[in-house]
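Contents: one structure, followed by commentary.
The values are calculated or read from the model by the stated rules, or taken from the named source; none is laboratory data. Treat the numbers as computed from the prediction; the structure is a model and nothing was measured. No Cβ is skipped: glycine too gets one built from the backbone with ideal geometry, and neighbour counts run over all protein chains shown. Heavy atoms of the whole protein, side chains included, go into the accessibility calculation; ligands, DNA and RNA do not. Shrake-Rupley method; radii C 1.70, N 1.55, O 1.52, S 1.80 Å.
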Amino acid sequence: MGSVEGGWSAHPDAIDDRTDLPPVEPGRAVGLGAICDLRPQRPDDTNSQGFSVSEFVTLEDGRRVILHNDRGFTIGWRSTDDPRTDTAPVGETRDSITQNVLNTVLPDDEDDTEDHPWSWLADLGRARGLSVTAQDLRGLPYEVVLTDKVTQWLAPA
């Protein structure tokens with residue numbers, strides 16, 4: 001997995017299959033967002049939980065078209081927390097996970113002039129068959145979606 005232009009790079013555990021994302025039926029883009037899901041726990045690492053992050057565009061007919069799924073982050077916790085509870089460490093909330101997702105999709109490079117990789121996302125959208133520009137995407141509402149697995153992981157035991 002290589003780096004992406006403009007300071008963005010794939011998470012080491014990411015699944016990089018952008019080239020395998022097929023074209024879709026065209027539609028008008030009305031939203032943009034990110035989906036956060038749990039990664040399988042590594043048997044050799046019981047003190048952390050990995051998350052995958054995919055960005056998508058929402059079309060007028062309600063379809064979500066994945067633009068990429070090559071991002072992610074990991075949350076570690078103290079060794080005194082019980083990793084066998086299959087729940088989030090104390091202090092992790094829906095808001096903290098949402099902020100981690102936003103941090104993951106934003107530029108890493110302080111010299112970057114864009115607050116989000118609009119041009120790159122538009123290129124990915126066009127590769128999927130959508131007629132979108134960076135300017136189109138810049139004006140759309142952005143939502144963060146946590147999967148049921150993440151929500152259950154966050155739920156107190």
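Things to note:
- Complete set of residues in region 35-81 that are among the basic types (Lys, Arg) and open to solvent by less than 10 Å² (accessible area, probe 1.4 Å): Arg71
- Of the residues making up region 126-157, those that are among the hydrophobic types (A, V, I, L, M, F, W, C) and surrounded by 13 or more Cβ atoms within 10 Å (Cβ to Cβ) are Ala127, Leu130, Val132, Ala134, Leu137, Leu140, Val144, Val145, Leu146, Val150, Trp153, Leu154.
- Unique residue being acidic (Asp, Glu), under 23 Å from Asp148 (Cα atoms), part of a strand (DSSP E or B) and at pLDDT 75 or above when the list is Glu92, Glu55: Glu55
- Cβ-Cβ under 6 Å pairs, at least 6 apart or on other chains, region 129-157 side more than 15 Å from Arg64 (Cα to Cα), far side open to solvent by less than 80 Å² (accessible area, probe 1.4 Å) and part of a loop (DSSP other than H, G, I, E, B): Trp153/Ala88; Leu154/Ala88; Ala157/Thr87
- Output for region 2-50, where each listed residue is at pLDDT below 70, within 12 Å of Asn69 (Cα to Cα) and either in a strand (DSSP E or B) or among the hydrophobic types (A, V, I, L, M, F, W, C) (or both): Ser9, Ala10, Ala14, Ile15
- Selection within region 102-122 - over 12 Å from Val57 (Cα atoms) and at pLDDT 90 or above: Leu102, Asn103, Thr104, Val105, Ser119, Trp120
- Restricting the first member to region 64-77 and to residues that are part of a loop (DSSP other than H, G, I, E, B), and the second to residues that are small (Gly, Ala, Ser), the beta-carbon pairs closer than 8 Å and six or more apart or on different chains are Trp77/Ser48.
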